[in-house]
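Laboratory data are not the source of any read-out in this text; all were calculated from the coordinates shown. Note that the coordinates shown come from a computational prediction; the quantities given were computed from them, not determined experimentally. Note: ideal-geometry Cβ built from the backbone for every residue, glycine included; neighbour counts use all protein chains shown.
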């Protein structure tokens, strides 16, 4: 039976029943510098991204773009608060070397940090999935999206994501899982174990994160294919898709960063609890540092990958001339031929004949000779 499921011996609080401070391990001064530098870098990056987003929201008049930027704003605020809460606790421990047992004898502080780790870890993944759903409907069903997606509903969706992550983070306080002190004594996290309720919560945390990444990948792939067909089509009266291309590029980069940073930790947790092997703390710390990069790299996606910045870097990217696809005619023609051939297989003979006639250019007539 797991030690966390047994009543604590000698009046030891539950969060210290597995790892009880003080530990023999003495953190080096490099640990304090490492945590301080990464925390400061992440806070400054998210603060810059929030200022840029706020200016863009006040200037934009497109409903779909403002909806997407509200989701981005929620992501930036979540990453900023997550780094502010967790980094301040970790840096304070490395600087002062305080004793958790004396400072927090009733595990309130440890439970708060464990809840923060779970909440601010799941929120970016859930928001990324919500942004993928919003872009899927915005590209594939633009009319229904523009009439049924006001800003108030977008804000409500962001609040619902925060509420869902908060409910999951509160589960260990109700008995489903438990928060414990983790080595080297600077942080608290839920007990990754294959027994009892700890198994259920560990698997829930891992599956929710992996499911969000899978939903983002599936919906973003469909949205990109649809956007390429629209941009490379023969319809010259189509509305410009520059904003959609910019938003999809940013969303794909957010998805790639989240997948690279979070998949190792989520797979490691699922593999540990399903196989029943003892937890290897060195790999947990390694993959957790990988996941921390997500909060640092996310804001730079919007800071750097904007049309104004890309236009300064490469003046050839003249977005005002229509779609970015027109800058690459060979690629555009290739995709257009592929799209036409795929659409032609699903058309009837009458529709094919009509499409063929519409694609045939009328012969040019010479100008009349002047008398």
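Here the gap between residue 137 and residue 195, fully extended at 0.36 nm per residue and compared with their Cα-Cα distance, gives a gain of 16.7 nm.
Each label point was placed 7 Å from the Cα along the Cα-to-Cβ direction; for residue 106 and residue 60 their separation is 4.5 nm. The fewest-to-most ranking of 93, 290, 205 by surrounding Cβ atoms within 10 Å reads 290, 93, 205.
Which of 77, 273 comes first, and how do the rest follow, when ranked by fewest Cβ neighbours within 10 Å? Write out the running numbers ahead of the final one.
Values: 77 17, 273 22.
So the residues, fewest neighbours to most, are 77, 273.
When the chain is fully extended, how far beyond the present Cα-Cα distance does residue 173 get from residue 33, taking 0.36 nm per residue of separation? Intermediate values should be presented prior to the final figure.
Details: separation 140, 0.36 × 140 = 50.40 nm, distance 3.28 nm.
Fully extending the segment from residue 173 to residue 33 adds 47.1 nm.
Model label sites at residue 293 and residue 99, defined 7 Å from Cα along the beta-carbon direction, differ in position by 3.9 nm.
Sticking with the crude label model, points 7 Å out along Cα→Cβ, report the distance from residue 303 to residue 218 in nm, one decimal please. Output for this residue pair reads 3.5 nm. The ranking of 183, 248 by Cβ neighbour count inside 10 Å, starting from the fewest, reads 183, 248.
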